[in-house]
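Have a look at the structure below before the remarks.
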Amino acid sequence: MNAMNERISEIGVVPVIKLNHPERDAALLGKALCAGGVPIAEITFRAAGADKAIRLMKEANPEMLVGAGTVTNTAQIDAVIAAGGEFIVTPGFDPELVAYAQAKNIPIFPGCTTATDYHQALKFGLEVLKFFPAEQSGGLAKIKALAAPFPMFRIMPTGGISLKNLKEYFACPVIAACGGSYMVTADLIDNNRWDEITAICKETRRIVEEARA
Ligand code: 3PG
């Protein structure tokens, strides 16, 4: 795997984050994640200004890997690059977006949940694929079934993953990392519960380490 994929896999989890108030929260949230051993964030375009949040989080926490999620057009990819974002995540497989990100040299993790998606991913030379929405698309059973004909991919499932089922996912060797919004909910952010975010991250990391031991 390339260096970016190695780093994501080493951390093992990717918090999926919607930030409505980047100026207020991005820097503090980054610190809380780092303190919990999770120096990575996928900031989604479900809230406008995701590129601003990426810039503010990265500036305040340069050791973090900060990327964008729910990317659906090329203008967003340009905005992420201009903001210093380091990776792109898309909900589904859009060949135009994959080609665009590759031409701009920014790693992209497109959502893939079918053999047809995996065929396309192969053509683009991708190594790590998002599998979204994971639980709703067949979960670990489907990831394992697709790994039989496509053993070359490492998978990053998101959607329905929490502290309850994280361990099961990590028992499967094709899992590169798991993503989820449970580490950073709107309630935790809006009420400044930074210590709780750190605690959830620590517990997440503990589960990942234990499952991989
Ligand atoms: C994503 O965009 O990756 C998912 O919405 C995260 O899913 P979750 O909210 O079920 O963790």
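Met183 is checked against (1) among the aliphatic types (A, V, I, L, M); (2) open to solvent by 60 Å² or more (accessible area, probe 1.4 Å); (3) closer than 20 Å to Glu10 by Cβ and fails just one. What number does that condition carry? Here Met183 meets the rest and fails (2). For region 48-80, taking the residues that are closer than 20 Å to Lys130 by Cα and more than 16 Å from the chain's Cα centre (by Cα), the one that is surrounded by the fewest Cβ atoms within 10 Å (Cβ to Cβ) is identified as Asn73.
Quick check on region 81-100: of everything there that is in contact with a Pro (Cβ under 6 Å, 6 or more places away or on another chain) and open to solvent by less than 20 Å² (accessible area, probe 1.4 Å), which residue is nearest to Arg7 (Cα to Cα)? Top of the filtered list is Phe87. Within region 171-207, being within 16 Å of the ligand (Cβ to nearest atom), part of a helix (DSSP H, G or I) and not small (Gly, Ala, Ser) holds for Asp187, Leu188, Ile189, Ile197, Ile200, Cys201, Glu203, Thr204, Ile207. For region 21-38, the condition holds for at least one residue, the condition being that it is within 16 Å of the ligand (Cβ to nearest atom) and under 23 Å from Tyr169 (Cβ atoms). Based on what the data block shows, is Ala103 farther than 26 Å from Gly125 by Cβ and open to solvent by 10 Å² or more (accessible area, probe 1.4 Å)? When the stated conditions are applied, Ala103 does not pass them. If we keep just the residues of region 138-164 that are open to solvent by 20 Å² or more (accessible area, probe 1.4 Å), without any contact (Cβ under 8 Å) to a residue 60 or more places away in the chain and of a type outside the set (A, V, I, L, M), which is farthest from Leu29 (Cα to Cα)? Once the filter is applied, the top-ranked residue is Pro149.
The values are calculated or read from the model by the stated rules, or taken from the named source; none is laboratory data. Values in this document were obtained by computation on a predicted structure and should not be read as measured data. Cβ sites come from the backbone with ideal geometry, for glycine too, and all protein chains shown count toward neighbours. For the accessible areas, the whole protein counts, side chains as well, though only heavy atoms, and no ligand, DNA or RNA atoms are used. Shrake-Rupley method; radii C 1.70, N 1.55, O 1.52, S 1.80 Å.
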